[in-house]
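Asks: Attaching a single structure in structure tokens format; questions to follow.
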Amino acid sequence: MAECRNRCLENNGPTRRSVIQGSAAATALLAVGISDTVPAVAQPSGRIEAAAGTMRLSVNLTINADPASVELDPRTTLLDALRHQLGLTGSKKGCDHGQCGACTVLINGRRVNSCLTLAVMHQDDEITTIEGLAAGEALHPMQAAFIARDGFQCGYCTPGQICSAIGMLNEAKAGWPSHVTGDLVARTTLSDAEIRERMSGNICRCAAYPNIVAAIRDIAERT
């Protein structure tokens, strides 16, 4: 009976076992071919090595009124250039998608999420980070207001909050409306609702929002 079954299978073509065996053999040959053609990937050695053929550009930046020259991959974000090439770690990497605002810096006076812009795009621009706001030992008024109002807890988002607040006041002074602005012609009055709306792109996971709004309101009332 067994011999008859085997003859029938031979006459009817390949069996399930022969198909599996053939597939396994083909996969093994393919793996050997790939290993012969693809170079081995070097293991990390404590620093990031440029891949063979990767272009690196010399970029001249102006950071906190000081010139800085760095060589970097043109795909490097401004945030990574600030933190890793220039050692300015005040700007924080939170979401890396422009959603939390922790990386906010000022570029030509305007607030920008530095994780969403490339460093090579900002030659000849004036870039100000949290490290460049104070004048020696004298804090920027917004920094002092955050301290006076206790506008932080863990402090991780605070550099972005402060830079964003300064940029936001510049926008309001220029007459830029927000989603909650009722009169697009009248001079903008920074109510608490206006401040919250204009700062909505900066997330504080410690929920220090009431004190952040109070700190910004203090400075808005002086200007």
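Asks: Tell me the GluC sites (Glu not before Pro) within the stretch 119-223 that lie in a loop according to DSSP and have at most 11 other beta-carbon atoms within 10 Å.
Replies: GLU137
Asks: Taking K and R as +1 and D and E as -1, what net charge do the other residues with C-beta under 14 Å from the C-beta of LEU139 add up to?
Replies: -2
Asks: Specify which residue in the list ILE107, TYR209, ILE219 is farthest towards the positive end of the charge dipole of the stretch 106-223, using unit charges on the beta carbon of Lys, Arg (+1) and Asp, Glu (-1), about the Cα centre.
Replies: With unit charges placed on the Cβ atoms, the residue in question is TYR209.
Asks: Within the stretch 179-223, whose backbone N sits under 14 Å from a point 7 Å along Cα→Cβ of ASP150?
Replies: 207-212, 214-215
Asks: Still on this model: What does the extension gain come out to for ARG205 and ARG110, with contour length at 0.36 nm per residue minus their alpha carbon separation?
Replies: Working: separation 95, 0.36 × 95 = 34.20 nm, distance 2.41 nm.
Gain in length upon complete extension: 31.8 nm.
Asks: Next question. Would you mind counting up the charge near ILE63? Only other residues with Cβ under 13 Å from its Cβ, with Lys and Arg at +1 and Asp and Glu at -1.
Replies: -4
Asks: Take the solvent-accessible surface of the protein heavy atoms, probe 1.4 Å, and return the percent of it on the stretch 94-223 that carbon and sulfur atoms account for. Kindly include the intermediate steps, with their values, before the conclusion.
Replies: Values: 3580 of 6870 Å².
Ligands and nucleic acids excluded, carbon and sulfur give 52 percent.
Asks: Suppose the chain between GLN99 and ARG75 were pulled fully straight at 0.36 nm per residue; how much longer would it get relative to their current alpha carbon spacing?
Replies: 6.7 nm
Asks: Here is a follow-up. Ranked from highest to lowest mean number of other Cβ atoms within 10 Å per residue, what is the order of the peptides 162-169, 81-88?
Replies: Packing proxy ranking, top to bottom: 162-169, 81-88.
Asks: Could you work out how much longer the chain between ASP192 and HIS179 gets when fully extended? Use 0.36 nm per residue separation minus the Cα distance between them, nm to one decimal.
Replies: 3.3 nm
Asks: Taking the Cβ of ILE107 as the center, what net charge do the other residues with Cβ under 9 Å away carry, scoring Lys and Arg +1 and Asp and Glu -1? Provide the component values of the computation, followed by the final result.
Replies: Working: positive: ARG110, ARG111; negative: ASP125, GLU126.
Taking every other residue near ILE107 into account, the sum is 0.
The values are calculated or read from the model by the stated rules, or taken from the named source; none is laboratory data. Please read all numbers here as calculations on a predicted model, not as lab measurements. Heads up, the Cβs are rebuilt from the backbone with ideal geometry, glycines too, and the neighbour counts pull from every protein chain shown. We work out accessible area using only protein heavy atoms, side chains counted, and drop any ligands, DNA or RNA first. Shrake-Rupley method; radii C 1.70, N 1.55, O 1.52, S 1.80 Å.
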